[in-house]
1. The chain: longest stretch without exposed trypsin sites (Lys or Arg not before Pro) (DSSP loop, at most 11 other Cβ within 10 Å), sites themselves excluded?
2. What percent does the relative contact order of the chain come to when contacts are Cα pairs within less than 8 Å and at least six residues apart?
3. From the alpha carbon gyration tensor of the chain, can you work out the equivalent ellipsoid semi-axes (sqrt of 5 times each eigenvalue) and give them in Å, largest to smallest?
Amino acid sequence: MTKTDKNLKSAFSGESQANRRYLAFAKKAESEGFTQAAKLFRAAAGAETIHALNHLRIIGETKSTLENLETAVLGETFEFKEMYPEYINLAKQEGNKQAVWSLEVANKVEKVHANLFLRAIDVLKRQKEMAKIDYYICGVCGNTVEGAPPEKCPICSAPKASFFRAG
């Protein structure tokens, strides 16, 4: 890997984080009644996404859908088997209950994501197209479900009304 490739990977990470940060800032600005500031944050977040996607494309990390699904499974599996358990243990040792909750729900959802990606891989290997299914995301913990939201989130117990339909 060249130094430029390393720099593009680093820039991808920074741009991706800026996107998420600006979306969080937009949400906060909205809640405080600053709609124009929220619009500005969302506009900047959109630009950061374009930068990140350009960097990712140039370093060749976007491949076929099947390869991308396999990459996604590896990432999600690493997170729920290795990364999050380590982070959870440290947060518990430090007595940070909010961090423990956030890390634990993320860990559970990463396992859900890995399983959804594995099922998609199986379908794509057997046929060309996945069934048309809506996905719903819990607005509290990020749990992702197929078809319709449950009455209560199985991960964080949030009510059905907390779910929103993905893109």
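Each value in this text was obtained by applying a stated rule to the coordinates, not by laboratory testing. None of the values given here were measured: they were computed from a predicted structure. Reconstructed Cβ throughout: ideal geometry from the backbone, glycine too, with neighbour counts over all protein chains shown.
1. Numbers: sites that count: Lys63, Lys128, Lys132.
Here the longest run is 64-127.
2. Relative contact order comes out at 15 percent.
3. Computed over the chain, the values are 25, 25, 20 Å.
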